[in-house]
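Read-outs: derived from the displayed coordinates by stated rules, not from any lab. Worth saying up front: this structure is predicted, and the values here are computed from it rather than measured. Cβ placement follows ideal geometry from the backbone for every residue including glycine, while neighbour counts extend to all protein chains displayed.
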Amino acid sequence: MEVKILGTGCPKCKRLEQIAREAASEAGVNATFVKITDVNEIMSYPIASTPALVVNGAVKCSGRLPSKEEVIGWLRAS
């Protein structure tokens, strides 16, 4: 499973990565984490703002920090 964190490296982007890593660990999911910081690459996704979370190519949220429980649900469903 591939999990992408889209963002320029702001505190919210770093927090999203932390939440996603904790969620994967708690869900027992083997995930590869990729941080996308290049603005042109970020703009290739259908998002209005960062940070954003992409799981296996599907945007799960953008512009907000999801709860760890939300992320666990998305990881288990993917």
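Key figures
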| read-out | value |
| --- | --- |
| Neighbourhood net charge (12 Å Cβ-Cβ; Lys/Arg +1, Asp/Glu -1) for residue 24 | -1 |
| Test item: Cα-centred dipole of segment 2-77, Lys/Arg +1 and Asp/Glu -1 on Cβ, debye | 160 |
| Distance (nanometres) between label positions extended 7 Å along Cα→Cβ at residue 68 and residue 35 | 2.0 |
| Distance (nanometres) between label positions extended 7 Å along Cα→Cβ at residue 26 and residue 2 | 2.7 |
| Per-selection metrics, segment 2-77 (Cα): Rg and Dmax in Å | 11.1, 33 |
